[in-house]
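Colleague: Take a look at this one; I'll ask things after.
Derivation of every value follows stated rules applied to the coordinates shown; laboratory data play no part. Everything quoted here is computed from the prediction, not taken from an experiment. A quick note on method: Cβ atoms are made from the backbone with ideal geometry, for glycine too, and the neighbour counts reach across all protein chains shown.
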Amino acid sequence: MEKIKIGCLTYKHLDALARSAINKINDDSIEVVLIEGLMENLIEKVKEAFTDSVEIFVGGGANAETIMQATQYPVLRIHLTGLDYLEALLKAKELGKNVGIVSYKYPVSFDLNKLEKMSGMKIVPVIFHDTDELEQKLLSSNIEVVIGASLSIEIATKLGLGTVLIYPGEDAIISTIREAKNVAIALRKEREKSKISQAILDFSLSGVIATDAKGQINIYNPSAERILGISSQQVLGKPLKSTFPELNMEDVLKTGMPQIESVEQVNGTEIVINRVPIENGGKIFGSVATFQKVSDIQRTEHKIRLLNKLKGFSAKANFSDIIGSSKIMQSIIEKAKIYAKTNSNILIYGETGVGKEIFAQSIHNYSFRQNGPFVAINCAALPENLLESELFGYDEGAFTGSRKGGKAGLFELAHKGTIFLDEIGEISLALQARLLRVIQEKEVIRIGGDAVIPVDIRIIAATNKKLEDKMPYEFRDDLYYRLNVLQLTIPALRQRKEDIRDLFLRFLKKHLNINQLSEDMIEHILPVLTLYSWPGNIRELQNVVERFAVLFNNTIRLNNYLIRELLVTSIGEDKLVNDLLRQFNYHSTDKIKGKEISSELIEKLELVFPDNKSKIAEKLGISRTTLWRSTK
């Protein structure tokens, strides 16, 4: 904090006392400067000191009062105590019986009758406004001794009267200086608030007009000038009613009720205006109106829509959205978080439906690029020529039907962010060469253009195929090594079956009230969920859950058996059975060839078809007798 500069008003005798007091103040945050002078002679010195960064002044009675009357500067009085006067009276007693206590403009703040009784002396109060008046009053009285400050003593001495200089003690000076510091700090804060308020008014795009309780304009900011076409010099201090009758602030001042988003026509300009009262303690002492041109609002709305369109390139998912408490998933998530904090390219492997894009979005939102765009494209979803124009953009006239002015490609739109290239293994060798250049040179050239556009992007690519098997004839090995700096392999759902329950319940909550399913029901269907190998992974599970919810909501009487049957139907009975048979490499001809039927397979089928041996035998392509023998 910059030092607080305090001016201490002194004169002759008080000067030495003030210096002594200042030396005892151990405070590095303040600087006290002495300003010596009397009354009128002091004013110019004080003005110079204020120009020289003095923030506040302290001084004795007459000096302090003079500065208060002549300037707007903050001044604190160094007050005298009753004890100071009593000590002065005891000294005066030795010089005479009739004592005059002199004060400037105002009487002293102590009971002189009590002082008379305590001292046994006759006290005459002498109040003056200038030196001539003081001299005249002293001459016309029978005062023998004068008690007062430096100026009073100077005049009394000249008149041959006894004198006792009264001055505050060091403690009073120190206390007042410390109080001045606190006042200066408060004034600084007020000035800061005032500057902030003024900056808000000056740079606000909204017009602001404020009035006092009588409707006189006391605030009129630059935006109000711009919108209404009238300068502040023309309106400040004038009644709002006569200057801008259309604004109609009278109702707000009378009722205290705000009026929000009214549309008005003022000076030929259509505006949207908000009017509110200014209240304190339930009393209305003014009003304020904020307004904007309708055309400005419409233009801003258009810009916002364009920005929101661009903001469509954003990542919604975070690591907290990934459901998976299994060790394998927690390990992958932790690895992905580490990768996110780097700027290296990432290649994500995983079967269809495992959630590769969710990981890509989470990595982006966990990285230092999180405030940049996240641009995703499925490379297998577009034909090569369209994919090229989407990725690299094109200049005007690049081809028939190209947009006027050209179009920025996804690499440009991903600048300072992340681009996610899903199914990267499906792009042609020609496009692979162009992609390699983007990675190596960090720049793109639009189709039909020659301007080199620098881009700062991070690439996350994903594939459900082993790219190594496609090299070098279908996939460039140099591109592979550029993309495969960091690698993540997302496990299939069948590899983390302990997560299926949580996934099923989370998805189910989107379609029905989960409380409709008892814990017992959930336990009955969980084994069936984990029997299936889920070749479509999470995406397939989501579809099954949605079908299950539809069937569930349309079934009147539910029990554990029916719940399991609904789930089997949702997966697909034949699909589930065939999947189980494949898991055990079972064929209906196995029994004929003399192979034993796996008891584990039979147990799993019993989970699907409880108490239905005929159904199990049918699915295995054997008789009930053969099934019975196999389970003996």
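Colleague: Can you compute the FRET efficiency between V124 and H79 using 1/(1 + (r/R0)^6), with r the Cβ-Cβ distance and R0 = 22 Å? Round to the nearest 0.05.
Modeller: Using R0 = 22 Å, I get an efficiency of 0.50.
Colleague: Once the dipole of the chain is set up with Lys and Arg at +1 and Asp and Glu at -1 on Cβ about the Cα centre, which of I490, Y339, G7 lies farthest towards its positive end?
Modeller: I490
Colleague: Hey, can you grab everything whose amide H is under 5 Å from the amide H of K5? Only 5+ residues off in sequence or another chain; H modelled, so Pro and N-termini drop out.
Modeller: Distant-sequence amide H within range of K5: E31, E55.
Colleague: A follow-up question, please. Compute, for the chain, the length of the dipole vector about the Cα centre, with Cβ point charges of +1 (Lys, Arg) and -1 (Asp, Glu) only. Units Debye, rounded to 20.
Modeller: 2100 debye
Colleague: Determine the sum of side-chain charges near S262: Lys and Arg each +1, Asp and Glu each -1, restricted to other residues whose C-beta is under 12 angstrom from that of S262.
Modeller: Surrounding charge for S262 is -4.
Colleague: Another question, if that's okay. With r as the distance between the Cβ atoms of D478 and V294 and R0 = 45 Å, compute the FRET efficiency 1/(1 + (r/R0)^6) and round to 0.05.
Modeller: With R0 = 45 Å, the Cβ-Cβ based efficiency is 0.20.
Colleague: Roughly how tilted is helix 61-70, in degrees to the nearest 10 and between 0 and 90, from the longest Cα axis of the chain?
Modeller: Value to nearest ten degrees: 60.
Colleague: Can you pull the one-decimal nm distance between simple spin-label points at Y106 and E546, each 7 Å off the Cα toward Cβ?
Modeller: If labels sit at Y106 and E546, their model points lie 8.2 nm apart.
Colleague: How far is helix 429-441 tilted off the main Cα axis of the chain, in degrees rounded to 10, range 0 to 90?
Modeller: Once rounded, the angle reads 30 degrees.
Colleague: Hey, can you grab everything whose amide H is under 5 Å from the amide H of L76? Only 5+ residues off in sequence or another chain; H modelled, so Pro and N-termini drop out.
Modeller: Correct list: F57, V58, G59.
Colleague: How big is the dipole moment of the range 418-541 about its Cα centre under a simple scheme where the beta carbon of each Lys and Arg is +1, that of each Asp and Glu is -1, and everything else is neutral? Debye, nearest 20, please.
Modeller: 120 debye
Colleague: State, to one decimal in nm, how far the label point of S326 lies from the label point of H511, with both points 7 Å from Cα in the Cβ direction.
Modeller: 2.1 nm
Colleague: Return the distance in nm (one decimal) between the two label points of a simple spin-label model at K47 and A381, each offset 7 Å from Cα along Cα→Cβ.
Modeller: 7.6 nm
Colleague: At 0.36 nm per residue, and after removing the present C-alpha to C-alpha distance, how many nm does the segment from K254 to K341 gain when stretched out fully?
Modeller: 25.3 nm
Colleague: What does the extension gain come out to for K613 and Q216, with contour length at 0.36 nm per residue minus their alpha carbon separation?
Modeller: Fully extending the segment from K613 to Q216 adds 133.5 nm.
Colleague: Give me the net charge of S197's neighbourhood, meaning all other residues with Cβ under 14 Å from the Cβ of S197; Lys, Arg count +1, Asp, Glu -1.
Modeller: +1
Colleague: Compute the angle between helix 537-553 and the longest alpha-carbon principal axis of the chain, please, reported from 0 to 90 degrees and rounded to the nearest 10.
Modeller: Taking Cα atoms only, the helix is inclined about 90 degrees.
Colleague: So, with +1 on the Cβ of K and R and -1 on the Cβ of D and E, and no other charges, what is the size of the charge dipole of the range 11-58 about its Cα centre, to the nearest 20 debye?
Modeller: 240 debye
Colleague: Right, next: Using helices alone, what [θ] at 222 nm do you get for the chain, with -39,500 (n - 2.57) per DSSP H run of 4 or more residues, divided over all residues and rounded to the nearest 500?
Modeller: Helices in the chain give a 222 nm mean residue ellipticity of -13500 deg cm²/dmol.
Colleague: I would also like to ask the following. I want to make sure I understand the PRE zone here: with the label point 7 angstrom from the Cα of I25 toward its beta carbon, which residues in the range 184-201 have backbone N atoms less than 17 Å away?
Modeller: Taking a point 7 Å out along Cα→Cβ of I25, the residues of the range 184-201 whose backbone N falls under 17 Å are 184-188.
Colleague: Calculate, for S623 and T569, the FRET efficiency according to 1/(1 + (r/R0)^6) with r their C-beta to C-beta distance and R0 22 Å; round to the nearest 0.05.
Modeller: The computed FRET efficiency comes out at 0.25.
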